[in-house]
Each structure stands twice: as structure tokens, then as C-alpha cells.
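Each remark here refers to the structure printed beneath this line.
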Amino acid sequence: MTTATPPTPQNAGTRVSLAFKPQLVTRVVIWLIALYAIYAATQLGFSWERFSSGLGNGAKFLGRMFPPDLSKGDILWGGIKETLQIAVLASLFGILLSLPIGLMGARNLMPAWISWPARALVSVCRSLHPVIVAILFVKAVGFGALAGVLALIVASIGFIGKLFAEAIEEISIKQVEAIRATGASFMNVILFGVLPQVMSRFVGFSTYQLDSNLRNSTMVGIVGAGGVGGVLFSAFQRFDYDFVLTILVTIITIIVVGELLANSVKKVFNV
């Protein structure tokens, strides 16, 4: 009776290669980044003493915020109402403008002399933070909600325009060519060949931008562009920290409710 010998692996005796082989260049880059981070920390005045004292000051600051002040509801509601108005208007006009700009920026549908200027416009809109743009509009149109709306429209174009253009560039071109073969006009090609493929993503981008504008509208108010940010900044200047807590809790509540509404909209459109 003979015993069966176990099968020998085909790669027996061969050298096993690592799935993620370490490279010298990668290690050098990681060490350079770590060394530069240490150097930057020494140049910016970071120290453990400063950090530990900051924890104590932070504890005192939090202690002065409790209990929250609920007696200034009319002032708070005025700022919140203006913030909601700024966010909704900026999102509406920003989305409406981003749709054609993103379409013109799609390089698979438009010639270069159209797509590159559209992409350059989107890049300019994305280059500056909304607070900086709000400062520019405050200087141009004065203090108030108009500056905040214009600043967030620019931010919306920079975000949605870029993502919408990239989404169009990822569509299946076969459906577009099939509709073109029927002799359809350019608008019909867009309506029936392009938009059905990107509509769900466009709804997702739009709901996210509305949520982002709700948050950004609280920041632009700090520089005089309307909204609850101005109320928050005034409370800080008065050292009215208990009212600051009330404002912060209200802002967080609005953001959470906005997130829930955005999720509901996504479910409606199956995003």
C-alpha cells in the first residue's frame, strides 16, 4: 500500500513578494514631511506650557457659558431668520448658475474654447474662502445680507460647477451618440442624453451645497455680511458668553435639521 504524497505548491522555493513593497523615495518623503512638521511647530511658538495654560483658560471660558441665556430670543431669531434666507437664496441662484457653467465646462461635450474659460471661472470661484469673498462684497455693496448672498453664490458655483462638470465627463457617451443619430437638437441631447445620467448626482451635490451654505452663512456674518454670525460676533465683543452658548446650540440644531432634510430629499430622488 503506497501513501499519497501531498501536492507541492507551484511556487515552492520561489521568493514571496510583498503586496506593498516599501520604496526608498516614499520613506524619504515621509521623513521629510515629519521633519518639516517638527520644524514648523518650533517656528510657530508651540509649547506644552502654552497648551496647558490654554486648557485652563478654556475651562474658565466654558464655565462662563453656563447656563445659556434664553432672554434674547428676538435678537437670536432675527439673526437666524436672516441666515436661513441667505442660505436658501444663495443655494437657489448658485445651483441655477452652476448648471450651465458645469455643462460648458464638460470637455467631452464642449469645444476647448468654451470648456476652458468655464473651468477657469469655476477655479476662480473656488480659489478664495467665502469669508474673503464676503469681505470683498461688503466693500462693494455695503453691509448686509446682499453681500452674504453674493459671496455664497460664488462659493456654490465653485463647488457645484466643478463637480457637475466632472460628473458629465464620466457619463456614457453611447447614449448621447444614439440621440444625436436621430437628428435631435443640442438641447434635446442634453435633456434626454446627459441629464438623466447625472441628475441623481446633481441632486446630491445641491443638497450638500445647501447644507454647506447654512454653515457658511454663519461665518460671513462675522465680517458684516448679514445673518446670525453678526449676532454671534457682537455677543463675543460684549463678553456675553451665556448668549454665545445659546447661539451656538441654535446653529448646531439648524445644521442637524438641515442634514435630516437633505437626507429626505436624497431618498425622494433615490440618491
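The values are calculated or read from the model by the stated rules, or taken from the named source; none is laboratory data. Keep in mind it's a predicted model, so treat the numbers as computed, not measured. We place every Cβ from the backbone using ideal geometry, glycine too, and count neighbours over all the protein chains shown. Side chains are part of the model used for accessible areas, which takes the heavy atoms of the whole protein and leaves out ligands, DNA and RNA. Shrake-Rupley method; radii C 1.70, N 1.55, O 1.52, S 1.80 Å.
What do you reckon, is SER98 open to solvent by 20 Å² or more (accessible area, probe 1.4 Å), assigned to a helix (DSSP H, G or I) and at negative phi?
No: the conditions fail for SER98.
Can you tell me which residues in region 201-223 are more than 19 Å from the chain's Cα centre (by Cα) and crowded, with 20+ Cβ neighbours inside 10 Å?
VAL223
When region 17-40 is examined, which residues are found to be open to solvent by less than 90 Å² (accessible area, probe 1.4 Å) and modelled with pLDDT of 80 or more?
Once the filter is applied, which keeps residues that are open to solvent by less than 90 Å² (accessible area, probe 1.4 Å) and modelled with pLDDT of 80 or more, region 17-40 yields THR26, VAL28, VAL29, ALA34, ALA37, ALA40.
Which pairs have Cβ atoms under 8 Å, sit 6 or more apart or on different chains, and link a residue in region 193-218 that is more than 26 Å from ILE252 (Cα to Cα) and outside any helix (DSSP H, G or I) to one that is polar (S, T, N, Q) and at pLDDT below 85?
Pairs found: none.
Answer yes or no: is there a residue in region 98-110 that is within 21 Å of VAL228 (Cα to Cα) and among the β-branched types (Val, Ile, Thr).
no
Within 30 Å of PHE243 (Cβ to Cβ) and either crowded, with 16+ Cβ neighbours inside 10 Å or free of Cβ contacts under 8 Å to residues at least 24 places away in the same chain (or both): is that true of ILE135 in this structure?
yes
Restrict the check to region 257-269 and report whether at least one residue is of a type in the set (Phe, Trp, Tyr) and part of a helix (DSSP H, G or I).
No - not one qualifying residue is present in region 257-269.
Residues ASP69, ASP74: which one is open to solvent by less than 60 Å² (accessible area, probe 1.4 Å) and not hydrophobic (A, V, I, L, M, F, W, C)?
Matching residue, one of ASP69, ASP74: ASP69.
Of a type in the set (Gly, Ala, Ser) and open to solvent by 50 Å² or more (accessible area, probe 1.4 Å): is that true of SER91 in this structure?
no
Based on what the data block shows, is GLY78 in contact (Cβ under 8 Å) with a residue 60 or more places away in the chain, closer than 12 Å to GLN209 by Cβ and of a type in the set (Gly, Ala, Ser)?
No; evaluated as a whole, the condition is false for this residue.
Looking at VAL198, VAL256, VAL244, VAL249, which is the one that is open to solvent by less than 20 Å² (accessible area, probe 1.4 Å) and farther than 17 Å from ALA106 by Cβ?
VAL244
Can you tell me which residue among ILE160, ILE190, ILE168, ILE179 is open to solvent by less than 60 Å² (accessible area, probe 1.4 Å), part of a helix (DSSP H, G or I), in contact with a Phe, Trp or Tyr (Cβ under 7 Å, 6 or more places away or on another chain) and more than 30 Å from ILE252 (Cβ to Cβ)?
So the residue among ILE160, ILE190, ILE168, ILE179 that is open to solvent by less than 60 Å² (accessible area, probe 1.4 Å), part of a helix (DSSP H, G or I), in contact with a Phe, Trp or Tyr (Cβ under 7 Å, 6 or more places away or on another chain) and more than 30 Å from ILE252 (Cβ to Cβ) is ILE179.
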